[in-house]
Amino acid sequence: MSSPHGAALSADGFGLKGPRGWAFRGVGFTAPPGSLVAVEGPSGSGRTCLLLALTGRMRSTQGHAEVGGEHLPGRLAAVRRFSALGPVPGVSELDPSLTVAEHLRERALLRRRFDGSLRSLLRPRAERAATARATVDGALEAAGLDTATLPKAERTSVRDLERLEALRLSVALALMSRPRLLAVDDTDLKLSVTDRALAWELLRGLAADGTTVLAVCSEAPEDALTVRTRPAAGEEPAEEEPAGKEPPGDEPPGEEPAAAAPGDDTTTGKGTADAIAEAGRA
């Protein structure tokens, strides 16, 4: 599946403080388009919050970042338009009661409803169906998921998928929107050594194809650009910005962390704002 040019990433003194203190702070890095960026650290170190902040789903409170030429925290909505979430617990989880086909069909319908042009909506039904099927097939191929190998092909329930198969399905769903930035949480969670290598091979291939990939993990591969959410030993975190100073942006100051747009990266119906407390513990 061909992908658009990836989004360049950069951050300087980037941080997020919530009601219970700092989720992360002092993050700084630069990554060119098409990079594989691994957010490495133990559970509870703010990895998921950083992932959500860099994809426009949470508003940072310190420093700044630039994603695909858009400045954060100001341009949250703009970043959401070209980024997509793979699996993120509490935010974009698969519904275990649905089948693979139902997830794919739902995402295709949402994509047509919210991303399609008026002209595409007026095309004959058979032509729309063929286009949707081509999009689904391309995303599945890019994610390396061969539905013919599943126990009941596309009629297989998500609860019956292996962990790596579920990861591939989540990535395929995200790729259907042809994002410039793909974000994946808990990349190596509950994977065997062999499956972990296959998961990184998948993400590495997507990055090589042009999509910038941001992946949370407990241990980053050697060829990834590694970002950590805590300062290294002996380093001081960035100075906090003066209280009351709000960077300019396209959303009102003081707004709560942004919720996902309708149909945006969510198959369970949960909004991102509803899941932030849960995501902050990752």
Condition set aliphatic (A, V, I, L, M) and assigned to a loop (DSSP other than H, G, I, E, B), scope segment 160-190, selection surrounded by the fewest Cβ atoms within 10 Å (Cβ to Cβ): answer is LEU189
Among (1) at pLDDT below 95; (2) buried (at least 22 other Cβ atoms within 10 Å of the Cβ), the one test that LEU52 misses: (1)
Surrounded by fewer than 24 Cβ atoms within 10 Å (Cβ to Cβ), within 30 Å of THR135 (Cα to Cα) and of a type in the set (Lys, Arg), is that true of ARG81? yes
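Given GLU236, GLU222, GLU255, which one is modelled with pLDDT of 50 or more and exposed (fewer than 15 other Cβ atoms within 10 Å of the Cβ)?
Exactly one residue qualifies, and that residue is GLU222.
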List pairs: first in segment 98-125 and within 18 Å of SER157 (Cα to Cα), second modelled with pLDDT under 70 and among the polar types (S, T, N, Q), Cβ under 9 Å, 6+ apart or cross-chain? LEU98/THR267; HIS103/THR267; GLU106/THR267; ARG107/THR267
Residues of segment 66-88 classified as under 21 Å from LEU189 (Cβ atoms) and part of a loop (DSSP other than H, G, I, E, B), total: 3
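Look through ARG20, ARG57 and report the one residue that is farther than 18 Å from TRP200 by Cα and modelled with pLDDT under 95. Talk me through it step by step, then tell me what you get.
On the way: ARG57 fails: modelled with pLDDT under 95.
Every option except ARG20 fails the conditions.
Listed residues GLY34, GLY86; which is under 30 Å from ARG155 (Cβ atoms) and not β-branched (Val, Ile, Thr)?
GLY86
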Given the conditions (1) open to solvent by 10 Å² or more (accessible area, probe 1.4 Å); (2) aliphatic (A, V, I, L, M); (3) touching a Lys or Arg at 6+ places or on another chain (Cβ under 6 Å), which single one is not true for VAL39? (1)
Can you name the residue in segment 143-159 that is assigned to a helix (DSSP H, G or I) and more than 16 Å from HIS103 (Cβ to Cβ) and is also most open to solvent (accessible area, probe 1.4 Å) among such residues? THR149
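The values are calculated or read from the model by the stated rules, or taken from the named source; none is laboratory data. Everything numeric here is computed off the predicted structure, so don't read it as measured data. For neighbour counting, all protein chains shown are included, and Cβ atoms are generated from backbone atoms with ideal geometry for every residue, glycine included. All accessible areas refer to the heavy atoms of the entire protein, side chains included, with ligands and DNA or RNA removed. Shrake-Rupley method; radii C 1.70, N 1.55, O 1.52, S 1.80 Å.
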